[in-house]
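Notes follow the structure.
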Amino acid sequence: MTTFNAWVARDSDGTIDFAPETVDESFLPAGQVTIRVEYSSVNYKDALAVTPKGGVVREYPIVPGIDVAGEVIASESDAFAPGDKVVAHGYEIGTARNGGYAEIARLPAEWVVKLDGISTADAAAIGTAGFTAAMSVQAILAGGVKPADGPVLVTGASGGVGTVSVDLLASAGFDVVASSGKPGAADLLTSLGASSVIGRLPEDPDAKPRPLGKSQWAAAVDCVGGKTLAHVLSTINYGGVVAASGLTGGAALPTTVLPFILRGVSLLGMDSVLMPIEPRRALWARLGSDLAPRHLKEITNLAAVRDVVSVIDQVREGKYTGRALVQVADGF
């Protein structure tokens, strides 16, 4: 390995220049595991990495791509050997350390997961978004919510976290209601197992949020935040669970303590960035077995890394549905 291709984002007087470059091994940071990247994906965080004042990158230049899936080509760790298929995401990948939009990545061994029963393409298609969905479903099940308890709501259902959540919850036997602002996504969400598809919540976004509304949902996966999350909390059944991971609707939460102290609702934050490696590896093992998404191919769209800018633009503008799988190997 003398040189390799990478998409590099550079700060140029307040604007971000994002273009393919040929770089050498000195471009790789310190780490124990060197990976030939086969696939990455596009997440909203990747779009922020190439957006001026996006707020996720510590220092430019950087190779975005918070998901890395490929084959180990060199390892200083006894836990990995050349030829191992691996996935890595979260931590500083794509924000403070070069990420997946490059032919080669080098990472600390304690950030890497060896794959078993799942291909690198499927691992990247699941990626951060699908992993967050699996965390959400695992949290709901651990909270004691059962299919017999009533319907489960998924907000922002047409996005990466939402589509995988619908798939996983339906596979677990839940009656899933999908909330989306994209009418064109209804057929896809129904095919993933949603019993019904509704519009954005609350129906009147200008109405003052009610501290408590009519109980409707046994649990919810919220990918939106803001007023939507406030509405969801006010309509969860007694003892219900809300797994929250999104803030496209805003970081503020205009609610009260009433859902928590009068209905015993649990609000659980889903963070896949700093999740310790052992539970991370355990959940990836489940994603290769009992929590494997049934309809991953239906929600995945493949793009070569040479075309990643157009995909990032769609994700940034909220126009993308499902998961964006980026082929890095032979994709430049």
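Check cross-link reach from K319 to the lysines: straight Cα distance under 26 Å, and skip same-chain residues fewer than eight apart.
List returned: K45, K53, K182, K227, K297.
On a full-extension model of 0.36 nm per residue, what is the gain between F260 and D116, subtracting their alpha-carbon distance, rounded to one decimal in nm?
Details: separation 144, 0.36 × 144 = 51.84 nm, distance 3.96 nm.
Length difference between fully extended and current span is 47.9 nm.
For region 52-100, what does the equivalent ellipsoid look like in terms of its semi-axes, each the square root of 5 times an eigenvalue of the Cα gyration tensor, given largest first in whole Å?
Values: eigenvalues 134, 19, 14 Å².
Result for region 52-100: semi-axes of 26, 10, 8 Å.
Sticking to Cα atoms, compute the Rg of the chain to one decimal and its Dmax as the biggest Cα-Cα distance, whole number, in Å.
Rg and Dmax of the chain, Cα atoms, are 19.9, 63 Å.
Near A123, within a Cβ-to-Cβ distance under 15 Å, what is the net charge of the other residues, with Lys and Arg +1 and Asp and Glu -1? Write out the running numbers ahead of the final one.
Details: positive: R36, K85, K114, R280, R281, R286, K297, R323; negative: E38, D67, E71, D84, D116, D122.
Local net charge: +2.
Normalised by the number of residues in region 194-332, what is the relative contact order in percent for Cα pairs under 8 Å and 6+ residues apart? Working shown, then result.
Details: 186 pairs, mean separation 23.5, N = 139.
Once normalised by length, the contact order is 17 percent.
Using the Cα centre as the reference, give the magnitude of the dipole from point charges on the C-beta atoms of region 204-332 (Lys, Arg: +1; Asp, Glu: -1; all else neutral), rounded to the nearest 20 debye.
Values: 14 positive and 11 negative charges, 63 e Å.
The dipole of region 204-332 has a size of about 300 debye.
Cα atoms only, region 236-279: Rg and Dmax in Å?
Rg, Dmax (Cα atoms, Å): 13.0, 36.
Taking 0.36 nm per residue of sequence separation and subtracting the Cα-Cα distance, how much length would be gained by fully extending the chain between E317 and S195, in nm to one decimal? Don't skip to the end; give the middle numbers.
Values: separation 122, 0.36 × 122 = 43.92 nm, distance 2.78 nm.
Answer, rounded to one decimal: 41.1 nm.
To the nearest µm²/s, what D does Stokes-Einstein give for region 199-270 at 37 °C and 0.692 mPa s, using the Kirkwood radius over alpha carbon pairs as Rh? Intermediate results must be reported in sequence, preceding the final value.
Numbers: Rh = 11.8 Å.
The Stokes-Einstein estimate is 278 µm²/s.
Measure of size requested: the Rg and Dmax of region 13-158, with Cα atoms as the atom set and Å as the unit; please supply both.
17.2, 57
Between E76 and A304, what's the calculated FRET efficiency when r is the beta-carbon distance and R0 is 35 Å? Round to 0.05. The partial results should precede the final answer.
Details: r = 31 Å, r/R0 = 0.90.
Once rounded, the FRET efficiency stands at 0.65.
Taking only C-alpha pairs under 8 Å that are 6+ residues apart, what is the relative contact order of the chain in percent? Spell out each step's value before the answer.
On the way: 790 pairs, mean separation 59.0, N = 332.
Relative contact order here is 18 percent.
With unit charges on the beta carbons (Lys and Arg positive, Asp and Glu negative) and the dipole taken about the Cα centre of the chain, which residue among T300, G162, A125 sits farthest to the positive side?
Highest projection toward the positive end goes to G162.
Could you work out the percent of alpha carbon pairs in region 119-235 separated by over 18 Å, rounded to a whole number?
Tail fraction, whole percent: 48.
What's the long-distance tail for region 73-155, i.e. % of Cα pairs beyond 21 Å? It would help to have the intermediate numbers written out before the result.
Numbers: 1467 of 3403 pairs.
Every Cα pair in region 73-155 considered, those over 21 Å come to 43 percent.
What does the charge dipole of the chain about its Cα centre add up to, to the nearest 20 debye, if the Cβ of each Lys and Arg holds +1 and the Cβ of each Asp and Glu holds -1? Don't jump to the answer; show the numbers that get you there.
Details: 26 positive and 35 negative charges, 239 e Å.
Its charge dipole is roughly 1140 debye.
Mind checking the full-extension length gain between A252 and R10? Use 0.36 nm per residue of separation minus the Cα-Cα distance, one decimal, nm.
Contour length minus the Cα-Cα distance gives 84.0 nm.
At R0 = 35 Å, how high is the FRET efficiency between E59 and R294 if r is their beta carbon distance? Nearest 0.05 is fine. Walk me through the intermediate numbers first.
Details: r = 41 Å, r/R0 = 1.16.
That gives a FRET efficiency of 0.30.
Based on the Cβ-Cβ distance from S215 to D187, what FRET efficiency comes out when R0 is 35 Å, to the nearest 0.05?
Values: r = 29 Å, r/R0 = 0.84.
After rounding, the FRET efficiency stands at 0.75.
Net charge within 12 Å of N301 by Cβ-Cβ distance, Lys/Arg positive one each and Asp/Glu negative one each, not counting N301 itself?
0
When the Kirkwood hydrodynamic radius is evaluated over all pairs of different C-alpha atoms of region 180-332, what value in angstrom, to one decimal, is obtained? Working shown, then result.
Numbers: mean 1/r = 0.0558 Å⁻¹.
Hydrodynamic radius (Kirkwood, Cα pairs) of region 180-332 is 17.9 Å.
Which percent, nearest 5, of DSSP beta bridges in the chain are antiparallel?
On the way: 34 of 60 bridges.
The antiparallel proportion sits near 55 percent.
Throughout, read-outs are computed from the coordinates displayed, never taken from laboratory work. Just so you know, these numbers come straight off a predicted model, no measurement behind them. No Cβ is skipped: glycine too gets one built from the backbone with ideal geometry, and neighbour counts run over all protein chains shown.
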